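Notes follow once the structure below has been shown.
Coordinate-derived values only; no laboratory data. On a predicted model such as this, the values are computed, not experimentally measured, just so you know. Backbone-built Cβ (ideal geometry, glycine too); neighbour counts: all protein chains shown.
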C-alpha cells in the first residue's frame, strides 16, 4: 500500500490545491475520490489535486426537480450510470 500523499482533507481551503504532483494511477485516484479529492489540471502543468470546501452534497430527499429539468430529462439525450465500470 502506498503512502498517503495528500494533506488532511478537513484542512483544505478549497481555494488552492491540496497537493501538486503525483500520478494518475487508478489506486491513487480511487483513494483520492473516496476522500473528496480529485485531479484538475492542464496537460502542460503538474497534476493539481483539489478538495473543495464546502463540497457539493446532493441529498435525494431534498432534491427539487424543476419543470425545465424534467423537460431535459424527457429528451433522453444523456445517460447517468452509477457504480458501473470498475475494471475500466
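Sorting the segments 46-55, 63-72 by their residues' average number of neighbouring beta-carbon atoms within 10 angstrom, most packed first, yields 46-55, 63-72. Counting 0.36 nm for each residue step from residue 47 to residue 8 and taking away their Cα separation leaves a gain of 12.3 nm.
Report the label-to-label distance for residue 27 and residue 15 in nanometres (one decimal), using points 7 Å from each Cα along the Cα→Cβ vector. With each label placed 7 Å out from Cα toward Cβ, I get 3.6 nm. Take every pair of alpha-carbon atoms less than 8 Å apart whose residues are at least six positions apart; their mean separation over the length of region 1-65 yields a relative contact order of 35 percent.
In terms of its C-alpha gyration tensor, region 19-83 comes out prolate, because a/c is 1.5 or above and the ratio a/b outweighs b/c. Each residue, residue 34 and residue 66, gets one label point 7 Å from its Cα in the Cβ direction; the gap between the two is 3.7 nm.
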